[in-house]
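> Input: one structure, supplied below.
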Amino acid sequence: MEWLETSTENCPVQLTLDVVGEKWTLLILRDACNGVRRFDDFRRHIGLSEALLSDRLRKLTAAGILRAEPYQEPGSRSRNEYRVTRKGWDLWPVLVALKQWGEAHTGEGQGPVIDLRHAECGAPVRVAVECEQGHAALSPADVTARPGPAARPRA
């Protein structure tokens, strides 16, 4: 079976985009990964309407990417802080890859807006594709793609 003969119903890229494929969703996740926790801080930093932000936070929480933790300021009603879950942190390399691509292809050449560095040695962080045997920084020319065991014939 060739790629064009396979169904895309269960394609993991498509299924992932169903959850996080909206611009605002990834920006909320970006901010959450950078320590933003509270609704008003997300709204102020990203510039979203309350309704849209509520909807995206609800979807991210329902998908298990963020978890809501109640807190209460003295004299105020109970509210939620949003924490990145393990499932959410598994998307962090995707955000780093988008950052890396954006700096290379859309930036103004002034350097990174957020400078990610390895805490131990201080080197800049980057995303690279590698195989399970540890061969790193693979290019598309180094990889073969073929339908896997979950591939289904196209209807």
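> Tell me which trypsin sites (Lys or Arg not before Pro) from the range 80-110 have a DSSP coil assignment and no more than 16 other beta carbons within 10 Å of their own. Working shown, then result.
Details: sites: ARG83, ARG86, LYS87, LYS99; in loops: none.
Sparse-neighbourhood loop trypsin sites (Lys or Arg not before Pro): none present.
> Please work out how much length the chain gains when fully extended from GLU108 to CYS11, using 0.36 nm per residue of separation minus the C-alpha to C-alpha distance, in nm with one decimal. It would help to have the intermediate numbers written out before the result.
On the way: separation 97, 0.36 × 97 = 34.92 nm, distance 3.47 nm.
Full-extension gain reported as 31.5 nm.
> Taking only C-alpha pairs under 8 Å that are 6+ residues apart, what is the relative contact order of the range 15-133 in percent? Working shown, then result.
Working: 98 pairs, mean separation 23.2, N = 119.
In percent, rounded to a whole number, it is 19.
> Can I ask one more? Specify the angular offset, from 0 to 90 degrees and rounded to the nearest 10, of the alpha carbon long axis of helix 50-62 from the longest principal axis of the alpha carbons in the chain.
Roughly 60 degrees, rounded to the nearest 10.
> Name the long-range amide H neighbours of LEU66: under 5 Å, sequence gap of 5 or more, or other chain; modelled H, no Pro or chain starts.
For LEU66, the qualifying residues are THR61, THR85.
> Follow-up question, since we're still on this one. Starting from the 7 Å offset along Cα-to-Cβ, what nm value, one decimal, do you get for the label separation of GLU69 and LEU4?
Simple spin-label model gives 5.2 nm for this pair.
> At a 10 angstrom cut-off on C-beta neighbours, averaged per residue, how do the peptides 51-58, 75-82 rank from highest to lowest?
Values: 51-58: 15.4, 75-82: 12.1.
My ranking of the peptides, most packed first, is 51-58, 75-82.
> Something else now. Between the helical axis of 92-105 and the dominant principal axis of the chain, each derived from Cα atoms, what acute angle in degrees is found, rounded to the nearest 10?
Once rounded, one gets 80 degrees.
Only the coordinates and a few stated rules stand behind these numbers; no lab work does. The shown structure was predicted, so the numbers you read here are calculated from the model rather than taken from an experiment. Positions of Cβ are backbone-derived with ideal geometry, glycine not excepted, and every protein chain shown enters the neighbour counts.
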